[in-house]
Amino acid sequence: MTVGLEHYLIVSALLFALGLLGVITRRNLLVMYMSLELMLNAANLALVAFSWFNDNLNGQVMVFFIITVAAAEVAVGLALIVALYRKRQSAHVEDLTSMKL
Amino acid sequence: MQEILFYFFAALTLIFGALVIANPFSRNPVTSAMFLVLTIISLAGLFVLLHAFFLAAVQVIVYAGAVMVLFLFVIMLLDLEEEERRKIKLAGLVAGLVSVGAIVVIFVRSLLATKPGSNLPSPTTEGDTAALGKLLFTNYLLPFEIVSILLLVAMVGVILLSKKDLK
C-alpha cells in the first residue's frame, strides 16, 4: 500500500488534535504555548504534503513564512509571559483572574 | 522502504506529541519542552520523505535550535516547582477529549469520503534550496521583505516588553 496524500493529512489532523487537547486541558501558560507550537507544526505538515503531491513549491514557501512568523510570535509571547510572571509570580492561568466578573 | 519510514516517523511524531501534552511520569515543563524537540525532529524526517529538504533543515535549525532554546531559557528563568503539584481538572479533561474527538472524527471522515490527491500525477518537484530560493526572490520577494520587517518589529517589541519598569 503506497503512502498517499490522505495519510499525511491524517497524521497532520491527529497532531493538530493533540495540540488542541493540550491547550484545553493543561493550565500552565508555557505548556499551553508549546501545544500551540504543535498545532502550527501540524498545519506545516499539511502544507508540505499538499505542496509535494500537487507538484509545485508554493506550499513550501508558505511553510517557510509560517516558521518565520512563529519564531517572532514565540519571542513576543515568551516576553509577555515573563513580564506577567514578574507582576504576578505565577505562570498558571487559574491565578490570572483579574478580568473575571 | 518509503512506507516503512513514513509509518516510523508518523508514529514517532504522534507519540512524542502526546508526551508533550500529557506525560505520565513527570509534569515538569522541561520534559514537555524536550519531547517537543523530539516531535519537531521526527516531523523534519517526514519533511525529508516529502522531498522538502530545505524545510527539514530549517525546521531543525530554527525550531529545535532557536525556538526551543528560547523556551528552555524562559522555563529556567521562571521557577515552576509548584506546577508538579497541580492536578488536571476532570471536567476540563472530559470536555477537551469530547470536543477534540469530535473534531478528529470530522477531519478523518471528510478525508476518507473525498480521498484527496487520488488522481494526481506522480510528483517530481524537489524542494531543494536552489528551487526554493529562486521562488523566494522572484515571486515572493515582497512577502519576504515584509517578513524581515516583521522580525525587526518583534525584536523591538520584545526588548521593550522585557524592560525592568514596564509601564
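Points to keep in mind about this one:
- Tally, over region B:1-42, of residues that are charged (D, E, K, R) and assigned to a helix (DSSP H, G or I): 1
- Test: residue in region B:41-59 that is closer than 20 Å to A:Leu29 by Cα, crowded, with 18+ Cβ neighbours inside 10 Å and either of a type in the set (Phe, Trp, Tyr) or at the interface with chain A (Cβ under 9 Å from one of its Cβ atoms) (or both): no
- When B:His51 is tested against (1) at positive phi; (2) in a helix (DSSP H, G or I), just one condition goes unmet, and that condition is (2).
- Scanning region B:86-121 for residues that are among the β-branched types (Val, Ile, Thr) and assigned to a loop (DSSP other than H, G, I, E, B) gives a single hit, B:Ile88.
- Among the residues of region A:1-27, those identified as more than 7 Å from every other protein chain (Cβ to nearest Cβ) and small (Gly, Ala, Ser) are A:Ser12, A:Gly19.
- Sole residue being closer than 30 Å to A:Ala83 by Cα, more than 7 Å from chain A (Cβ to nearest Cβ) and either small (Gly, Ala, Ser) or out of contact with any strand residue (DSSP E or B) (no Cβ under 9 Å at 6 or more places or on another chain) (or both), chosen from B:Val156, B:Val147: B:Val156
- Any chance B:Thr124 is facing chain A (nearest Cβ under 7 Å), loosely packed, with under 11 Cβ neighbours inside 10 Å and more than 22 Å from A:Ala42 (Cα to Cα): yes
- Single unsatisfied condition, A:Leu30 versus (1) at the interface with chain B (Cβ under 7 Å from one of its Cβ atoms); (2) free of Cβ contacts under 8 Å to residues at least 60 places away in the same chain; (3) hydrophobic (A, V, I, L, M, F, W, C): (2)
Quick note: the coordinates plus some simple rules give every number you see, no bench work behind them. Values in this document were obtained by computation on a predicted structure and should not be read as measured data. As a convention, Cβ positions derive from the backbone with ideal geometry for all residues, glycine included, and neighbour counts pool all protein chains shown.
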